[in-house]
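A short write-up of the structure that comes next.
The values are calculated or read from the model by the stated rules, or taken from the named source; none is laboratory data. This structure is a prediction, so every number in the text was calculated from the model and none was measured. Cβ atoms come from the backbone with ideal geometry, glycine included; neighbour counts cover every protein chain shown.
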Amino acid sequence: MTKEEILASSDLFLLDLDGTLYLGDRPIGAAKETLARLREMGKKLVYLSNNSSRTEAEYREKLTRIGFFDERDGVFTSATATEGYLLAEHAGKKVFLLGTEALRAEFVARGIPLGEEDPDLLVLAYDVELTFEKLRRFDRFLRLGKPYFATHPDNVCPTEDGSMPDVGSFIELFARSSGRRPDLIVGKPYPLMAEELERRYGVPRSRMCTVGDRMYTDIRFGNRNGIKSVLVLSGETTAETAADFPDLPDLVLPDVNAIF
């Protein structure tokens, strides 16, 4: 597809953050102006991140601070989708959440009880406050066979100083230590994320477009869920690594600003 066809056929843009709109706190090129032009065209913008170390409120604060956020925009994370799934399918169950204190508070505020002595199920999120004791206790409950969910599968999280290990890396750690892999992964590229987005925003997937820098999450998310996809080469993926990947985006751009 051409960029003109993408713009004409999309009402809702699902915008990845790290590696797509910014690196750390540094916007990628004229991203602020690009977002403003999309809004002027009447497009709905949803900041869509697999990064579950931050709450929706924390993302809004950061996006406002760096000049991206507008009151017409939405924020949706793999943690948001996980919370929706737990409330719908496991209401009242006690959760051992391997996650930041802010995310723990968000779970409680949404009515999801936490319990680390005898949990009913386990949730692996992106915990940038991780300690060995947390790892040890989570691993013990894995070996006891508790149901096990992960918020997303990203191996690394890009930053200005290079990549950091993300949930996908910890999935591999726990697979080695416990022999367990998640019973369910919620975030991109899996269908639960698409289902929750469609329900929240009321836009059919055929009128959505996902924009991101990762083939195995952003682009595969589009392909698996009937959503148009734009790959940007400003983050994790290069033109060379994209060529070796089985999934194909609808459009490849050097960065998000090249949509115009």
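Being in a helix (DSSP H, G or I) and of a type in the set (A, V, I, L, M, F, W, C): is that true of Leu87 here?
It is true that Leu87 is in a helix (DSSP H, G or I) and of a type in the set (A, V, I, L, M, F, W, C).
If the Cβ limit is 9 Å and pairs must be 6+ apart or interchain, which residue in region 92-105 that is in a helix (DSSP H, G or I) pairs with which residue that is of a type in the set (Lys, Arg)?
Here the result reads Ala102/Arg54; Leu103/Arg54, each pair linking region 92-105 to a residue that is of a type in the set (Lys, Arg).
Give me the helices (runs of 4 or more DSSP H) completely within region 143-260, filtered to those with at least 1 residues that are more than 20 Å from the chain's Cα centre (by Cα) and either free of Cβ contacts under 8 Å to residues at least 40 places away in the same chain or assigned by TED's automatic domain parsing to the domain that holds Thr100 (or both), ordered by residue number.
Per the criteria, 167-178, 239-243.
Quickly run through region 203-214 and pick out the residues that are out of contact with any strand residue (DSSP E or B) (no Cβ under 6 Å at 6 or more places or on another chain) and at pLDDT 95 or above.
Residues satisfying the conditions are Pro204, Arg205, Ser206, Arg207, Gly212.
Any residue in region 53-60 that is among the hydrophobic types (A, V, I, L, M, F, W, C) and touching a His at 6+ places or on another chain (Cβ under 7 Å)?
no
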